[in-house]
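Q: One structure is given below, represented as structure tokens, and several questions about it will come after.
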Amino acid sequence: MALPKINPTHTEAWTKLQEHYKSIKDVHMTHWFSENENRAKEMTIKWEDFYLDYSKNRMDARTMELLLELAEETQLKSAIEKQFLGDVINETEGREVLHIALRSPKSANIKVEGEDIMPEIHEVKTKIKDFTADIVEGNRKGYTNKAFTDVVNIGIGGSDLGPAMVVDVLQYYKNHLTTHFVSNVDGDHVNEVLKKLHPETTLFVIVSKTFTTQETLSNANTIKEWFLKSASKDDVAKHFVAVSTNIENVKSFGIDENNIFPMWNWVGGRFSLWSAVGISISLATGYDNFDKLLSGAHAMDEHFKSESFDKNLPVVLALIGIWYTNFFESESEAVIGYSQYLNQFATYLQQANMESNGKSVDRNGNKVAYQTGNVVWGEPGSNSQHAFFQLIHQGTKLIPADFIGFAKSLHGNKDHQDKLMSNFIAQTEALLNGKSKEEVISEFKSQNTSEETIQQLTPFKVFEGNKPTNTLLIDKLTPESLGKLIALYEHKIFVQGVIWNVFSYDQFGVELGKQLATKILKEFDASAQIADHDSSTLNLLEYYKSFS
């Protein structure tokens, strides 16, 4: 059965939220803190090793009540059940959405078209485990009988961003293998990676569901040509493996059929790191850590599926996001990880979020008259404090921000960790309270500043505060906690898509540019007939061809 198709703006809750927004939009958050000494405790969720404080938001208890009513009226509970039961909720592509199955135990009862998919999933997991052990332990060697030292993941989009992000985040847990990621069709990119490699000790993992993706195959063929300068065609089978459904194309490339790992149509690319697409994660960190990543995600799945909405981490974060997007008309949100390990986390979320909910047509096929999706961006703290925090603190835009931190450091340097986390906590306090004109003047006077300077500089040093943040504090960065964190945001995306009444799991907007690029590529040939283009495109074509 399909997802419900309810226009959220036609619900009673939406109308109530509009009226409620008018009554509290100008209230400063500090007012609610002064009125209710228990506000922080009442707006905190503790689940396993996760601690979420969402009290620093421009909302009160009534706001959350109405948002929960909106979730009920848009039949969120039913939508969650449909996803976990394996219903065809990716209706435009006629597919189930079951990345949750990839991290479920063998005992789970999940079917696609009446067939239990769990045995096949765990068979592939066993294959990943055995293959990882062979590579990591040096049992499987290259064509000169040397153990592998490097792994190159060749893919793009979900076949790159997810694995690349996880390997980067979990670098503390990495083994002796050095992992590289080639995604961009930019030839300079692939050649810079090849400069670091030795053909006899490098394993290549090509990730492409159809094995026809232009960027991936261009890179794969360039790498293969480079490899064959030192090795023979027969050696390709020893150094190249694939994650794909197109067995014939993979075999034609020279890859042994035993070294092909399957993909499934019921897993979207941007949610596929949990599948064999994550083999680079397993190779980089060892299979046990990959499995712990899956276990952590499964724990979040169970929390999301069974917890009441008022204490449900993904649901609460999703509702808060809708509050800002649709009522405060905020168009972006920042994700600030107070750990250098989270360097690529916001980049990963950009695809997961914006490719999913960047839609302007609802599930009824009608153009929406309300905002859907938002721009997700961010960098690690405390670096970002010295970059774009100026805009968040004193700019004209309202930018809600998620602060993510870990209570314990991995290398155990308490001095550094205390300094990092003091910034983590202080920034949310500063964004809440700001700095009043009176405080600025008082500070100037304590420094014996002249009245003329006080008058001149005071306006520039006032911070209005009232800038919303969520604070997520996790005990420690582990493969399990990372799995939970990724799954938390996956489910947040799902909830928002359900409420916005859009299909979150297709991405037709990605295809048009690809189609036109194929057409233009042919027109680069000097003898090719130029098709009808707008004048700007024609000028660019002619100018680029002048360099040939």
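Q: With point charges of +1 on the Cβ of Lys and Arg and -1 on the Cβ of Asp and Glu, referenced to the Cα centre of the chain, which listed residue (Gln18, Leu3, Val243) lies farthest in the positive direction of the dipole?
A: Ranked along the dipole, the leading option is Val243.
Q: Continuing with the same structure: If you add up the charges near Tyr544, with Lys and Arg at +1 and Asp and Glu at -1, over every other residue whose beta carbon is less than 13 angstrom from its beta carbon, what do you get?
A: -2
Q: Okay, next question. In percent, how large is the relative contact order of the chain, given Cα pairs closer than 8 Å and 6 or more residues apart?
A: That works out to 18 percent.
Q: Hey, another quick one. Among Trp323, Trp264, Trp32, Trp274, which comes first, second and so on when ranked by fewest other beta-carbon atoms within 10 Å?
A: Listing Trp323, Trp264, Trp32, Trp274 from fewest to most nearby Cβ atoms yields Trp32, Trp264, Trp323, Trp274.
Q: Using 7 Å Cα-to-Cβ label points, what is the Glu12/Gln447 separation (nm, one decimal)?
A: For Glu12 paired with Gln447, the spin-label model returns 5.6 nm.
Q: What's the FRET efficiency of Ser230 with Gln529 using the Cβ-Cβ distance as r and R₀ = 45 Å, to the nearest 0.05?
A: Taking R0 as 45 Å, the efficiency between Ser230 and Gln529 is 0.65.
Q: While we're looking at this one, here's another question. Among 289-302, 140-153, how do they line up by average Cβ neighbours within 10 Å per residue, starting with the highest?
A: 289-302, 140-153
Q: What is the percent of Cα-Cα separations in segment 113-291 that go past 19 Å?
A: Here the long-distance tail beyond 19 Å is 54 percent of all Cα pairs in segment 113-291.
Q: Now a separate question. Which net charge results when you count Lys and Arg as +1 and Asp and Glu as -1 among the other residues whose beta-carbon is under 13 Å from that of Ile247?
A: -1
Q: Turning to a different aspect of this structure: Once the principal axes of the Cα atoms of segment 351-411 are found, what is the range along each, listed largest first in whole angstroms?
A: Each principal axis gives a Cα extent; for segment 351-411 these are 51, 32, 15 Å.
Q: May I pose another question? Below 8 Å between Cα atoms, with a sequence gap of 6+, how large is the relative contact order for segment 244-301 in percent?
A: In percent, rounded to a whole number, it is 22.
Q: Could you give the length gained on full extension between Ser536 and Leu457, defined as 0.36 nm per residue of separation minus the Cα-Cα distance, in nm?
A: Between Ser536 and Leu457, full extension yields an extra 23.7 nm.
Q: Can I ask one more? Taking segment 286-335, how much of its Cα-Cα pair set, in percent, is spaced more than 13 angstrom apart?
A: 67
Q: Could you state the principal axis extents of the C-alpha atoms in segment 370-451, from the largest down, to the nearest angstrom?
A: 47, 47, 19
Q: Please check which bits of segment 184-215 a label hung off Asn259 would reach, taking the label as a point 7 Å along Cα-to-C-beta and the cut-off as backbone N under 14 Å.
A: 199-207
Q: If packing is taken as the average count of other Cβ atoms within 10 Å, what order do 379-392, 90-103 fall into, highest mean first?
A: Ranking, from highest mean packing down: 90-103, 379-392.
Q: Now for a different question. Of Asp475, Asp415, how do they rank once you tally other Cβ atoms within 10 Å and put the fewest first?
A: Result, fewest neighbours first: Asp415, Asp475.
Q: Output the direction-averaged projected area (hull surface divided by four) of the convex hull of the alpha-carbon atoms of segment 285-371, in nm².
A: 8.1
Q: Relative to the longest principal axis of the chain, what angle (0 to 90°, nearest 10) does the C-alpha long axis of helix 414-433 take?
A: Between the helix axis and the principal axis of the chain, the angle is about 50 degrees.
Q: Can you give the translational diffusion coefficient of the chain in µm²/s, computed by Stokes-Einstein from the Kirkwood radius over Cα pairs at 4 °C and 1.567 mPa s?
A: 51
Q: Let me have the 222 nm mean residue ellipticity of the chain computed from DSSP H runs of 4+ only, each contributing -39500 (n - 2.57), with the sum over all residues rounded to the nearest 500.
A: Here the helix-only value at 222 nm equals -14500 deg cm²/dmol.
Q: What percent of all Cα-Cα pairs in segment 303-450 falls in each 10 Å bin, counting up from 0?
A: In whole percents, the pair-distance histogram is 9, 29, 34, 19, 7, 2, 0.
Q: Can you tell me the dipole magnitude for segment 439-548 around its Cα centre, using point charges on the Cβ only (Lys, Arg +1; Asp, Glu -1), in Debye to the nearest 20?
A: 280
Q: Please turn the phi angles of segment 110-121 into ³J(HN,Hα) values with the Karplus equation 6.51 cos²θ - 1.76 cosθ + 1.60 (θ = phi - 60°), one per residue in order, whole Hz, x for glycine and proline.
A: 10, 10, 10, 6, x, 9, 5, 8, 5, x, 5, 4
Q: Rank by packing, highest mean first: peptides 254-260, 372-378, 81-87, with packing defined as the count of other Cβ atoms within 10 Å averaged across residues.
A: Averaged packing, sorted descending, gives the order 372-378, 81-87, 254-260.
Q: Relative to a virtual label point 7 Å from the Cα of His176 in the Cα→beta-carbon direction, which members of segment 198-240 show backbone nitrogen distances below 17 Å?
A: Those under the cut-off are 198, 200-203.
Q: Using the Cα atoms of segment 377-420, I'd like the radius of gyration and the largest Cα-Cα distance, Dmax, both in angstrom.
A: In order Rg, Dmax, the Cα atoms of segment 377-420 give 13.0, 40 Å.
Just so you know, all these numbers are worked out from the coordinates, no wet-lab data involved. No experiment lies behind these values; they were computed from the predicted model shown. Neighbour counts are summed over all protein chains in view; Cβ atoms, including those assigned to glycine, are modelled from backbone coordinates with ideal geometry.
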